[in-house]
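Data first, discussion second: the structure below is written as structure tokens.
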Amino acid sequence: MANVLIVDDDTDLLHTLADAFILFGHTVTTSVNGLEALEFFKQSAFDVAVVDVEMPGLNGLELTREIKNRKPDFPIILITAYSHLYRPQDVLSLDVEAFLKKPLNIQELVRIVENVLEQR
């Protein structure tokens, strides 16, 4: 299956998402902030990332830009509880595969990730 990087400063959600992806047979690396996630990205080969937008330090949009600068075709799914703060066209201009609003339907998120991976 896939090697998934999950980034969210909400540790409860982070562990819930990790458990779900593991249950579906994926390998998971978790990070609680964008700076740590960027270091993981530089050191390991991931197939996809699920990234929270609102995080202290390097936020999800900044992390997405950094990752896309290094690997433009890398698939990223952004998640946020604050979708009303962002214009969809600004987020989608980052060439992400999806922009999902919390609370998440975890099965739907896993399905989206698996669909993205199948298309690659």
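Return the residue satisfying two criteria in turn: it lies in segment 6-21 and is in a helix (DSSP H, G or I) and in contact with a strand residue (DSSP E or B) (Cβ under 6 Å, 6 or more places away or on another chain), and of such residues it is nearest to G60 (Cα to Cα).
Step by step, filter segment 6-21, then rank; the result is L14.
Select from segment 22-37 the residues that are in contact with a strand residue (DSSP E or B) (Cβ under 6 Å, 6 or more places away or on another chain) and buried (at least 17 other Cβ atoms within 10 Å of the Cβ) and write down the one among them that is nearest to R111 (Cα to Cα).
Here the residue is H26.
Looking at segment 38-60, is at least one residue touching a His at 6+ places or on another chain (Cβ under 7 Å), in contact (Cβ under 8 Å) with a residue 12 or more places away in the chain, surrounded by 15 or more Cβ atoms within 10 Å (Cβ to Cβ) and outside any strand (DSSP E or B)?
There is no residue in segment 38-60 that is touching a His at 6+ places or on another chain (Cβ under 7 Å), in contact (Cβ under 8 Å) with a residue 12 or more places away in the chain, surrounded by 15 or more Cβ atoms within 10 Å (Cβ to Cβ) and outside any strand (DSSP E or B).
Restricting to segment 65-94, give me the number of residues that are more than 22 Å from L35 (Cβ to Cβ), surrounded by 12 or more Cβ atoms within 10 Å (Cβ to Cβ) and not small (G, A, S).
Total meeting the criteria: 1.
None of the figures in this text is laboratory data; all of them are computed from the coordinates on show. Remember, it's a predicted structure, so these values are computed and weren't measured experimentally. We place every Cβ from the backbone using ideal geometry, glycine too, and count neighbours over all the protein chains shown.
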